[in-house]
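Only one structure is covered here, and it is reproduced in the block below.
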Amino acid sequence: MTDTYGGLGDVTGQDTYDMFNMPLSNALAGTIDPVTGLDACPISAQATADPTQAGITGMIVTCPKFEQDGHTLSPLAGQFVVANLMPEKFSVQAYPGADRIARGEQWLQTNTLDGQHPHDSFIRIGEPGYFQEYGPAGYHVAIGFANPAIINARHDAVCAGAIGAVGPCTGTVKGQVDLQRMSRTPDQRLYPSGSRDGFIWTQCWVSLGDPDGEDFMFTKCDANGNFQFTNVPGGNWRLTVGDQWNDQIIDGLSTPANVTSGQTLDMGNIGVQQWQANVYTRTFLDINKDGIWEPDQGEIGIPLVYTKIRYRDGHNSNSLTTDFNGVANFNETFPLFNWYVIEADSGRYKTTGIHTVYDAGGPADGSTYCGPANGARPCGTSTSYNFLANTYEAVPLPADLSVPGAVYCSTADCAAEAASFAAGTAKPSSPGVSTGRIDPPWVTSEGASLLTGMGAWIDFGKAPFAACNPTQSVSTTNFCATVTTTAPGSTTPTTTLVGENGGIHGFVDYASTRPFDSAEQMIEQP
C-alpha cells in the first residue's frame, strides 16, 4: 500500500503503520471457520514467546488456499483486511509470493483501475467493510492474476475433447495489437493507429479460450505487437488482449475468433485503448538556439534535469529527472480532461525555445485511415509523429489568442521555421494547420489537456547562461551584474561582478494546517 496524499499523481511512500502506529498486517489472520472450527487464515505465527500471536506484522499476506489442517479449502483464500487505516486515498498493489517467484512461476496481473498495477482505494472515517459505488457492494480492491503455464497446460485436453467436440487442432490465429485512437469531440469515431508505436513501452499478451469457459492458449506479442497461435482447435473462441503494465483496457472486452481447422485466421489490426495519456519531454542543448532538437547538428540531451507535471493550482502531480539522453517520459498520466502544467528546471541552463506538439485526435499521421476518401478528417504531414498523433489542426485558434512571440509551424516538425526563429526574423504568426509550434525563451512552462491514449510532446531547448567578461561593455552577449555583500562581522561591503544565472526561484502554496508545532520542522512536497 502506498500513500498518494489524497490525490492523483506520484506517491509519497509506502504505508507500513496504521493510525494507532501499529504495523500493518492482515486482520483476518487467525479467523476461526465456524463450520470446521479450524483457523481459516493460518498465516505463519510470529517467532515470539506468545503462542497466540498470529499473522506477520509489517507485511500484508493474503489468506492461504487451505485451512489449518492443510487440506480443507478456506472460504477466505486470497482475501485480506487491513484494519484501522486513516482516511486517505491509497494505492494497493499485489505481488506473487517470493516462494512462487523462486520456483520460476510467472503471474501476470489481468485487471487494473485506471491503467496501472496499483488499485486506488478511497477510505473514509467509519468506512464499511464492503465498498459500494455503483450496484452491489463488494471488495474495496480485487486484483486478478493469470499464469501462462497453467493456461497452456489445458491445450492438449481441449484438443482431446475435454470441453466437448472440437475440430482438429490444426488452425492458426494471428494478428497485430495496436493503439485504438479517439477522435476529438463531438466526433465519436475510433481509428486504428496502424502501429504498435503508441504502446512501445509495454509488451502485450494474448489469451485464447472458450467464451463461456477457461482459456487454453496464451502467448506474448513481439515488439511490434504481432502474435500467432498454432495448433488451434477448430471452433468459436474468445480472444483477450492485455499487457505488461496494465495500460491497455481489458475491462471485459474480448474479440471473437472463429477458427476453421487447417486454415489461418488473420485478424489484422486489433485496436485496444489506453487507460491513461502520455507526456513526452526532452531537454536538450540547443546549440543554434532554434528551439528544435537536431541530433545531426550535434545537439545532445541534458541529463538529470528536474522535470515536473503540476496541476493548475501548482501542486505536484508527477516528477522525474531526465535520463542521459535528456528524456523524461510520463507514460501513465491520468487524463484529467483538464489542464496540466509541464516544466523543466532552469537552474542550470536557460531556455532558448520550446518545441511543443499536441495530438488533435482521429487517425494518426502516416496511417492508411487519413483523409476524406476514408470518411475521416485529414492527417498531418509530420515525420517524427507518424502513427503517434494526428498533427493536423482543422480548427486553429484565432490570431489574437496565439502565444506572443511563438512561431506556428506548417508541419509539426517545425523544420522550415527553425532558422528564422533562431535569427529572430520570424514574425509571430496566426495558428496554422499543424499542432506544432516553437515558443519563445520567456515561456517557462507548457499546458497540456490530455485524453486517453493521446500524447503531448515537449522539447525544452536550453543553453548555458552567459558569462560575465568585466573587460567588455555590457551587452546582450556580455551579461554582467553587480552583487554587493557584507561578510559576517564586517562593515565593509564587497562588490562582485557575476554572470547570468537562473536566479532564485521557489514555490508558494496554501497550507492551512501543519503537522508540527514548529514551522521549522515542516517538510513540504511542492
How high is the relative contact order of the stretch 87-215, in percent, counting Cα pairs under 8 Å that sit 6 or more residues apart? 18
From largest to smallest, what semi-axes in whole angstrom does the stretch 148-272 give when each is the square root of 5 times an eigenvalue of its alpha carbon gyration tensor? 28, 15, 13
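Starting from the Cα gyration tensor of the stretch 286-389, multiply each eigenvalue by 5, take the square root, and state the resulting semi-axes largest first in whole Å.
Semi-axes, largest first: 29, 21, 11 Å.
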Residue order, fewest to most surrounding Cβ atoms within 10 angstrom, among VAL82, VAL403: VAL403, VAL82
Could you sort the peptides 29-40, 273-284 by per-residue average Cβ neighbour count (10 Å cutoff), highest mean leading? 273-284, 29-40
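For the chain, what is the relative contact order in percent, using Cα pairs closer than 8 Å and at least 6 residues apart in sequence? Could you put the intermediate results ahead of the total?
Working: 1217 pairs, mean separation 59.0, N = 526.
Relative contact order comes out at 11 percent.
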Sequence ranges 495-506, 456-467, ranked by mean other-Cβ count within 10 angstrom, highest first: 456-467, 495-506
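Packing-wise, with mean Cβ within 10 Å as the measure, how do 409-418, 114-123 rank, highest first?
Details: 409-418: 21.6, 114-123: 17.6.
Top of the packing list down: 409-418, 114-123.
Rank the residues SER367, SER193 as a footprinting-exposure proxy: fewest other Cβ atoms within 10 Å of their Cβ go first.
Lowest to highest Cβ neighbour count: SER367, SER193.
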Across the stretch 396-404, in residue order, what do the Karplus-derived ³J(HN,Hα) couplings come to in whole Hz, using 6.51 cos²θ - 1.76 cosθ + 1.60 with θ = phi - 60° and x for Gly and Pro? x, 5, x, 4, 6, 9, 6, 6, x
proj_area_mean for the chain (convex hull on C-alpha atoms), units nm², value 36.6
Ratio of Rg to Rh over the stretch 277-463 (Cα coordinates, Kirkwood Rh, two decimals): 0.95
Whole Å is fine, so just give me how far the alpha carbon centre of the stretch 86-148 lies from that of the stretch 435-451. 37
Under 18 Å between alpha carbons: how many lysine pairs meet that in the chain, if sequence neighbours fewer than 8 apart on the same chain are excluded? 7
By counting other Cβ atoms within 10 Å of each Cβ, how are CYS159, CYS204 ranked from fewest to most? CYS159, CYS204
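Just so you know, all these numbers are worked out from the coordinates, no wet-lab data involved. Because the structure is a prediction, the values reported are computed rather than measured. Positions of Cβ are generated from backbone atoms using ideal geometry, with glycine treated the same way; all protein chains shown enter the neighbour counts.
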